[in-house]
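The values are calculated or read from the model by the stated rules, or taken from the named source; none is laboratory data. Quick caveat: nothing in here was measured; it's all calculated off a predicted structure. Cβ: placed from backbone, ideal geometry, glycine included. Neighbour counts: every protein chain shown. For accessibility, only protein heavy atoms count, side chains too; no ligands or nucleic acids. Shrake-Rupley method; radii C 1.70, N 1.55, O 1.52, S 1.80 Å.
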Amino acid sequence: MSTEPNIPVNRFFEGLMAPVMDERNDADLEVVGELPAGLQGMFTRNGPNPQFAPQGAYHPFDGDGMVHALYIGDGKARYRNRFIESAGLLAERKRGHACFGSVSEFRLPAEDVMAEAGMMKNNANTHFVRHAGKYLALMEAAPPTELSRELETIGEYNFAGALQGPMTAHPKVDPKTGEMLFFGYSPMPPYLRYHVADASGAIVHSVEIELPKPVMIHDFAITENYVVFFDAPGVFDVEAMMKGEPGVRWEPELGTRVGVLPRRGSNADIQWIEIDNCFPVHFWNAWDDGDKVEIYAPLFEKMPGGLQFDNPSQIEEPKPWHVSLDLKKGEAKAEQTDDRSGEFPRINDDRAGLRHRYQYNALARTWEFEFDFHGVVKYDIETGAAEEYIHGDHAVSGEHVFAADPDGKNEDDGWLLTLVTDQQTERSELSVLDARDVKGGPIARVRIPRRVPLGFHANWFPDA
Ligand SMILES: [Fe+2]
């Protein structure tokens, strides 16, 4: 085993990825253009922001979570950012140094640290969601972490003891019922659990799904009647992981299949349908129509190198695909729908599980670096039309989240929000595009008085 870090530390500690240490609360930010009157709520962006230098390998999945928020209303904006104060981070602060290994080079912490904070840090750095009035920061290897609306860490949240195991960073909220559907996967048995929380936030359905191998499942899709899982061969090797070696491998000979489970079903009810090997990281959406299930997702040909924790130079380019399942025949048909590679797929979340027409994707400048996004494309999947906007030669953008116009009638009545950072000035801003006219570019830009490090998922919580 090599003693060199698998991934050079500095790559994710330099430039626009460099962590920031201060926690700010800045009101009345400068706005270029005009914030729409209907845009009232809270924009968030979660991501890794390691407080302490790593003691060995570092992967962006390891960094302490930091949520950056913009509170928007009456044409004004306030910025606030806070560390997610996990038990692991508090243990490190007490000792003044990093105490945990990396997903790319696992190592148990010292016994006293493990007694305080467990064998790995629940950094909650991937996504930030709201359900039943609770704000939850999520990372897929651990339970949620509850924060306040002002981003104070309240602590780990396990649904009053009802949640067994970890929770995905990508739960789905049904726009009609208010239920939150989600899952948790694990390299240890049971490999997959599926849960439904009702609109009040109580877990009302929880089942184990059998998988032949422990595989990485970052996201899933829901329809009105089903949930959809991709069992793709990005396989965990726990023994290798415990030795500090790369713990996820792409094993194409195992094949890929799609599991369709009735929303209140159990393992015996799942129908598995084989498809050609592919690897989804995220989904736009899915819906069902009789015996058909239609799935829209950017798909990689195989697990991207950066997720295998050992080969960051092999990043594949994900392309938009439409996968159509025929439940009666047990067959899948898949077609690529565009040549533009992109990720961070989003829709108007009011269409989650229902037939959607518009889908948005972040466009990358290059795939040499996981975070080099610079634009957005809007697809009309009914007409096949697409329009895009590129933020600029030196701009690095992120996920574009859809914020619905409360006075809107159509699916694309709303705005796309993303953070944009200028590589030359290292200034960040919130860019607001009109989703009805994406190519028209930003209608408002909120200047943030600091650089926001590049990170993972954005979200939007409209005011009630
Ligand atoms: Fe994600």
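Points to keep in mind about this one:
- Filtered residues of the stretch 332-385 (kept if acidic (Asp, Glu), over 25 Å from Glu316 (Cα atoms) and within 16 Å of the chain's Cα centre (by Cα)): Asp349
- Positions within the stretch 173-205 being surrounded by fewer than 18 Cβ atoms within 10 Å (Cβ to Cβ), not aliphatic (A, V, I, L, M) and not in a loop (DSSP other than H, G, I, E, B), in sequence order: His205
- In the set Thr383, Thr418, only one residue is within 16 Å of the ligand (Cβ to nearest atom) and at pLDDT 95 or above; that residue is Thr418.
- Qualifying residue in the stretch 290-297 (condition: under 21 Å from the mean Cα position of the chain (by Cα), hydrophobic (A, V, I, L, M, F, W, C) and within 16 Å of the ligand (Cβ to nearest atom)): yes
- Strands (runs of 3 or more DSSP E) within the stretch 260-336 that include 3 or more residues surrounded by fewer than 18 Cβ atoms within 10 Å (Cβ to Cβ): 271-275, 319-326, 331-336
- So Asn81, is it touching a Ser or Thr at 6+ places or on another chain (Cβ under 6 Å) and more than 16 Å from the ligand (Cβ to nearest atom): no
- Test: residue in the stretch 94-105 that is among the polar types (S, T, N, Q) and in contact with a Ser or Thr (Cβ under 8 Å, 6 or more places away or on another chain): no
- Filter result (in a loop (DSSP other than H, G, I, E, B) and open to solvent by less than 50 Å² (accessible area, probe 1.4 Å)) within the stretch 352-368: Ala352, Gly353, Leu354, His356, Thr366, Trp367
- Looking only at the stretch 430-464, and only at residues there that are among the β-branched types (Val, Ile, Thr) and either open to solvent by less than 20 Å² (accessible area, probe 1.4 Å) or at pLDDT below 95 (or both), the one that is farthest from Glu34 (Cα to Cα): Val452
- Condition broken by Val396, with the remaining ones in (1) within 18 Å of Phe12 (Cα to Cα); (2) within 16 Å of the ligand (Cβ to nearest atom); (3) of a type in the set (A, V, I, L, M, F, W, C) satisfied: (2)
- Restricting attention to the stretch 36-56 and to residues that are open to solvent by less than 10 Å² (accessible area, probe 1.4 Å) and among the hydrophobic types (A, V, I, L, M, F, W, C), the residue that is farthest from Leu136 (Cα to Cα) turns out to be Leu39.
- Any hit, the stretch 230-253, residues being at pLDDT 95 or above, more than 16 Å from the ligand (Cβ to nearest atom), among the hydrophobic types (A, V, I, L, M, F, W, C) and open to solvent by 40 Å² or more (accessible area, probe 1.4 Å): no
- Each residue in the stretch 413-429 was checked for being over 18 Å from Val31 (Cβ atoms), surrounded by fewer than 22 Cβ atoms within 10 Å (Cβ to Cβ) and not polar (S, T, N, Q), and 2 pass.
- Annotation note: Cβ proximity below 6 Å between a residue of the stretch 272-285 that is more than 20 Å from Glu210 (Cβ to Cβ) and a residue that is of a type in the set (D, E, K, R) (sequence gap 6+ or interchain) occurs for Phe279/Lys302; His282/Asp219; Phe283/Asp219.
- In this structure, His394 does satisfy being touching a residue at least 12 places away in the same chain (Cβ under 8 Å) and under 21 Å from Gly440 (Cβ atoms).
- Number of the condition not met by Arg427 [criteria: (1) in contact with a Phe, Trp or Tyr (Cβ under 8 Å, 6 or more places away or on another chain); (2) closer than 21 Å to Met42 by Cα]: (1)
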